[in-house]
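Below is one structure, written out as C-alpha cells; the observations come after it.
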Amino acid sequence: MKRRDFLKRTSLASTALLLPKFLSGFNLIDEAIATGKKLVIIQLSGGNDGLNTIVPFRNDVYYQKRPSLAHQKSNLIGITDEIGFHESLIAHSNLYNNGELCIINNVGYPNPNRSHFRSTDIWHTASDADQYLQSGWIGRYLDASKSKSLDAIEVDDTLSLLMKGSKTDGIATKNPNIFYRTTQAPYFKKVVSHHDDAHLNEHNLGYLYKTMVTASSSAKYIYETSKTYTSKTTYPNNEFSKQLKQVAQFINSGLQTKVYYASLGGFDTHANQANKQKRLLKVYDEAMEAFIKDLKQEDSFKDTLILTFSEFGRRVQQNAANGTDHGTANQVFLIGSQLKKQGFYNPMANLSNLDSIGDLKYDIDFREIYTSVLNNWLDIDAKKVMHKSFKGLNIV
Amino acid sequence: MTSKEIIHLYNRTGFGISYLEMKALQSESRVSVVNEVFRNSATFTPLQVDISELRSKMKGLNMKDRKKVRSLVKDSTKKVHELNIAWIYRLGATKKLLREKMTLFWANHFVCHDKNILHIQQYNNTLRKHALGNFKDFVIAIAKEASMIKYLNTKQNRKKKPNENFARELMELFTLGRDQYAEKDIKEAARAFTGWNHDIRGEFRFRRFQHDYEEKTFFGETGTFGGEEIIEIILKKKQCATFICEKIYKYFVNDQIDASHVAEMATMFYKDYDIENLMRFVFLSDWFYDEKNIGTKIKSPMEFLVGIHRVVPMRFEKERELVYLQKLLGQHLLFPPNVAGWKGGRNWINPNTMMLRLNLPSVLLANGIIALDEKGAFEDDFQRFNTRKNRQRKLKVKADWETFTTQQKNVTPEQLQNALLVSPINKGTEEYLEKLKEQNLKESCIQLMSLPEYQLC
C-alpha cells in the first residue's frame, strides 16, 4: 500500500470514529473517490497581458502596436522560430520542453465583457456573456457528482462564485489550523455534540445544523489529514507561494479533495506594465516550479492537472501610459504529465484581424476546455455541469 | 397579541424587538400593534452623506481632463462606501423599521449598482420614498433614475439602434417574471423607451430626437406608446401583481410559497397596486402568524448583523472592517452580485459563512479572533499584494454594554432567550441552554446569538 493511500484510509477512518453517532447518515468519504485525480485552478487576476507573456517576436503588427512595450527576441526564452516565452517564465519553458505544458491560444467567448467583475463571473459560471448564473462550474460539478463541500477547496478566506453550487458549496480555507480552531470554541463543540437527528429534516434549522456539522467535520478532517505531511521543498517567500504550498500539502497528505482554486492578483497593468508584469510572472513561475517539484517528490504530479487562466487579455494597442487596457481573448495553460496535446494546441491569435474596438477575436471558447476537463479528467458527463453543450478538445 | 406574535411581527417588519418593548405591546390588539408599525413608517427621511465638496468639484469639470475625472471617480467611489456604512448604521438606529426593511427588499428587487455617488444616493432614496407607495409610480420612477438608465443601458437605447437590456429586465425581473412575454414584446417595449436619458446632476432627460415616435404593438395593443404607457400595459396583467406578491411572500412570510395565500394577496394588490395596503393585509392576516411561518426564515447577513447591533449597539472604529465583514458574510450593500440580486434563503449559508456567523457574536462583542483578509482586489499592486499577511486579528469594535444593560433592566436570561430565539430549538441545544440560565446576562446574550437557532427569524 502506498503511503498516501494508507494515510487516506487511516485518517478518514479515525476521523469517522471520532464523529458523533448522528453523523453516520452522511459519511464524509466519497463513493466517487476512485480516480484520485486532482484539478488545480489558478487565476491570474486583473487580466494578464497574454501577448507579452507568449510573444510572437516575428510579427510586425506586434511591434507597431507596442512601440514601447514589445519584447525583443533577445529578451525572450526561445521556443519556436516565431514564438518566445516571457523571460520570467523559466520554469514554464522547462515544462514546455518536458512535454508537461499545453498552451491553448486565443481563448475567449462571444461578445466579450471587459469588466473584471463581470468577466470573472462569466469564467467562473461558464455562462454566456448575457447570461447571469448564480452557480460556478466547480460548484455544479460538486452538485452533479454528489460530492461533499470539502471536495473543492479555495485557498482563501472567502468563497468565490466558482465554488458555489446549487446544493453544495466548496470550502474556503487558507490555513487549516485556523479553520479548525474556529470549530473548537467550547460552546461550538457543545452545540455540535448535543445535536440530535430529530432536526436533520427539511426545516431550515436542520439545514443550518447540517451545514454546521459539515463545517466542523470538514475542518477537523482537513486539519488532521493535512498535518501528516510536511513539505521538504523550499518555496519563495510570498503569499501566492504559500497558497500553493498549502495546496501541495493538501494533495500530498492524501486529502480526498478533488479541486483546488487559488488566485494571484495585480495583473491590471494600465500603467508602467513592463516591470510589474515581469515581477508578477516571476512570482507565478517560481511558485509553480516549487509546487510541481513538491508534487513530483511525492509522486502525485501524475494525478494532478493545473489550469491557469485570466479573466481576459489586454488590448493589442498599448496605451499612452506604457500600459495596456482591458482586452478579450487570452492563453490558457494546462500543466500535467498526462496531456494528450503537448506544446501549442493551436496557432497564436491573428493580430491583423481585430474587432471594432481593436481587440482579439477568440478562436476557442473557454467552455470547450472545461468540457474536456470534466469529461476526461474529472470523469463526469460535462452535460450535467455545463448549461450548454460543447464538443470539447483533445487535451487531457 | 401574544408575545410570540409580536416578536414574529417585529422580526419580519424590522430586526427584532427587545423583551421589555414586547411586554409593553402585549395588552394591545393585533390591529393596533400593526397600525403602529405603519404609523412609525409613515414619513420618509432621505439617507444622505456629505457630497457638497464633490458637487462643487463637478461644476465646470472638463471631461477631457482625464486626470481630474479619474480623481473624481475615486472620490465618488469612496463616498459610495460611506453611504454603505451610513445605511447600515441607519438600519441599526431607525424607528421607521418597516420602511427601511422594505427599502432593503426593493433594493434587491430593482437591483442596481453605480459608482456615481450623486446618482446612486438619489436612487437609494427613491427606493425609500416609494417603498410603501404605489407600485406603478415606483416602476416609472425607477425607470427614470440616472443609475438605472446607466445600469441597464437605457442610455444607449436610441431610435436607430435600440438596446433591449432595460426592456427585458423590466419584464423578467421587475414586473412579470421569466417567460411571460414574447421576444417581440421586448423589441417593441425597447422602442418605447428610446430617448430616455439623464443629465450630469442625475435628472431625467427625454431626448426627443432619439425617441422612436412610430407605432408599436405591445401585448396585443397598438399605439405610439412611450415608456410610461408600456409600464401601464404591463401592470394590466394580473401576473404582475402575482409576481410581486410571490416575492413579498418569500421575503416577509416564508421561503416556501403557499399558493392560496399568494392568490389572496395578488387579488388585493391588483386592485390599486398600493404597497402599503398589501403589506397591511399580510400582517393582519391569520396565516402570517401560523406556526409554520414563525422562526423559519434564514436571516440575511444584514438582518443578522443589524439584529445583533440592535441588542448590543456597536461602533466599528475602522469602517473598512465593516465592509470586509459584509463581503465575508456575502451581502455587501450597494454592491449586488448581478442584476438578479442576492438569491437569499439557504444560499446565504455555506460551511464558511455558517462558521463565521456562529463565531461573530464573540468576535464582535467579546474580543474574539477572526481570519480577515480581503480578497486580492484586481487593482492590487504588487507591493500591496506581497505585504498581505495571513492575518488573524481582532476587530476594532466598541460594544455599548451600558445601553444593553439599561434596555434589559431586570430581564432574565430566559426572557432574553424568548426575545432572541423564535425557531423551534434543537433538543441537545435546549439542555445546553438550561446551563446558560445561571450565567450573567451579558454572557448568555453572546451565547444565545452564537446558536444556529439565532440564524432564523
Notebook entry, point to check: Counting other Cβ atoms within 10 Å, which trypsin sites (Lys or Arg not before Pro) in segment B:130-178 have at most 14 and lie in a DSSP loop?
Noted result: B:Lys160, B:Arg178
Check: Taking the simple approach of a point 7 Å from Cα along Cα-to-Cβ for both B:Lys292 and B:Gln239, what is their distance in nm?
Finding: 2.8 nm
Note to self: Nearest 500 deg cm²/dmol is fine: what mean residue ellipticity at 222 nm does chain A get from its DSSP H runs of n ≥ 4 alone, each adding -39,500 (n - 2.57), divided by its residue count?
What the structure shows: -10500 deg cm²/dmol
Checklist line | Principal axes of segment A:34-185: Cα extent on each, largest first, Å | finding: 59, 36, 32
Next item on the list: Please determine, in degrees from 0 to 90 and to the nearest 10, the orientation of helix B:183-192 with respect to the longest principal axis defined by the Cα atoms of chain B, where the helix direction is its Cα long axis.
Entry: 70 degrees
Item checked: Within straight-line cross-link reach of B:Lys427, aspartates and glutamates at Cα separation under 13 Å, skipping those fewer than 8 residues along the same chain -> A:Asp196, A:Asp197, B:Glu453
Next item on the list: State, as an integer percentage, the relative contact order of chain A based on alpha-carbon contacts under 8 Å between residues 6 or more apart.
Entry: 28 percent
Note to self: From the alpha carbon gyration tensor of segment A:262-396, can you work out the equivalent ellipsoid semi-axes (sqrt of 5 times each eigenvalue) and give them in Å, largest to smallest?
What the structure shows: 29, 22, 12
Check: Sorting B:Glu443, B:Glu169 on the 10 Å Cβ count, fewest up front, what's the list?
Finding: B:Glu443, B:Glu169
Next item on the list: Mind computing the radius of gyration and Dmax over the alpha-carbon atoms of segment B:134-236? Å is fine for both.
Entry: 12.4, 38
Notebook entry, point to check: Between rounded, prolate and oblate, where does the protein assembly as shown land on the alpha carbon gyration tensor, with a ≥ b ≥ c its root eigenvalues, rounded for a/c under 1.5, else prolate if a/b exceeds b/c?
Noted result: oblate
Check: Who wins for biggest fluctuation among A:Ile306, A:Ile222, A:Ile357 in a Gaussian network model of chain A, springs between alpha carbons below 10 Å?
Finding: A:Ile357
Check: Could you give the distance between the Cα centres of segment A:237-273 and segment B:300-348, to the whole Å?
Finding: 28 Å
Check: Of the peptides A:231-239, A:124-132, B:105-113, how do they stack up when ordered by the mean number of other Cβ atoms within 10 Å, highest first?
Finding: B:105-113, A:124-132, A:231-239
Notebook entry, point to check: Can you list, largest first and rounded to whole Å, the semi-axes you get for segment B:197-318 by taking the square root of 5 times each eigenvalue of its Cα gyration tensor?
Noted result: 38, 26, 11
Item checked: Whole-number percent relative contact order across chain B, with pairs defined as alpha carbons under 8 Å at least 6 apart -> 17 percent
Notebook entry, point to check: Which semi-axis lengths, in whole Å and largest first, follow from the square roots of five times the eigenvalues of the Cα gyration tensor of segment A:124-189?
Noted result: 27, 12, 9
Next item on the list: Within 10 Å, count the other beta carbons around each residue, average over each peptide in B:39-45, B:195-201, and list them highest first.
Entry: B:195-201, B:39-45
Margin query: Counting each pair of different Cα atoms once, what's the Kirkwood radius of segment B:58-160 in Å, rounded to one decimal?
Written below: 15.2 Å
Notebook entry, point to check: Relative to the compact globular guide of 2.2 N^0.38 Å, what is the alpha carbon radius of gyration of chain A, as a ratio?
Noted result: 1.02
Margin query: Need the list of lysines near B:Lys136 for cross-linking: C-alpha distance under 17 angstrom, and skip anything on the same chain fewer than eight residues off.
Written below: B:Lys144, B:Lys236, B:Lys237, B:Lys238, B:Lys247, B:Lys271
Notebook entry, point to check: Once the piece of chain linking B:Asp137 and B:Glu264 is laid out straight, how much longer is it, given 0.36 nm per residue of separation minus the C-alpha distance between them?
Noted result: 43.4 nm
Next item on the list: Compare A:Phe250, A:Phe344, A:Phe267 in a GNM of chain A, Cα atoms joined below 10 Å, and give the one with the largest fluctuation.
Entry: A:Phe344
Notebook entry, point to check: What average number of partner chain Cβ atoms lie no more than 10 Å from the Cβ of the residues making up B:353-364?
Noted result: 5
Next item on the list: Over 20 Å, how big is the tail of the calculated P(r) for segment A:68-128, in percent of all Cα pairs?
Entry: 49 percent
Notebook entry, point to check: If you take every DSSP beta bridge whose two residues both sit in chain A, what share of them, in percent to the nearest 5, is antiparallel?
Noted result: 45 percent
Margin query: Suppose R0 equals 35 Å. What FRET efficiency, 1/(1 + (r/R0)^6) with r the Cβ-Cβ distance, do B:Arg346 and B:Asp199 give to the nearest 0.05?
Written below: 0.20
Check: Where does helix A:116-125 land angle-wise versus the long Cα axis of chain A, in degrees 0 to 90, nearest 10?
Finding: 60 degrees
Check: Let a ≥ b ≥ c be the square roots of the eigenvalues of the Cα gyration tensor of segment B:156-200; is it rounded (a/c under 1.5), or, if not, prolate (a/b larger than b/c) or oblate?
Finding: oblate
Next item on the list: Calculate I(q)/I(0) for segment B:61-105 by the Debye formula, one identical point scatterer on each C-alpha and no solvent, and give its log10 at q = 0.31 Å⁻¹ to two decimals.
Entry: -1.02
Checklist line | Calculated [θ] (222 nm, deg cm²/dmol) that DSSP helices of n ≥ 4 give over chain B, each run adding -39,500 (n - 2.57) | finding: -16000 deg cm²/dmol
Note to self: When a/c reaches 1.5 or more, the comparison of a/b and b/c decides; with that in mind, is chain B rounded, prolate or oblate per its Cα gyration tensor?
What the structure shows: oblate
Margin query: So for segment B:134-236, averaging the separation of alpha carbon pairs under 8 Å that are six or more residues apart and normalising by length, what relative contact order in percent results?
Written below: 29 percent
Notebook entry, point to check: So if R0 is 51 Å, what FRET efficiency would A:Ser68 and A:Arg181 give, r being the distance between their Cβ atoms, rounded to the nearest 0.05?
Noted result: 0.50
Notebook entry, point to check: Which distance in nm do the two modelled labels at B:Ala366 and A:Ala129 give, with both placed 7 Å along the Cα-to-Cβ direction?
Noted result: 5.3 nm
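Each reported figure results from applying straightforward, stated rules to the coordinates on display, with no laboratory input. This structure is a prediction, so every number in the text was calculated from the model and none was measured. Reconstructed Cβ throughout: ideal geometry from the backbone, glycine too, with neighbour counts over all protein chains shown.
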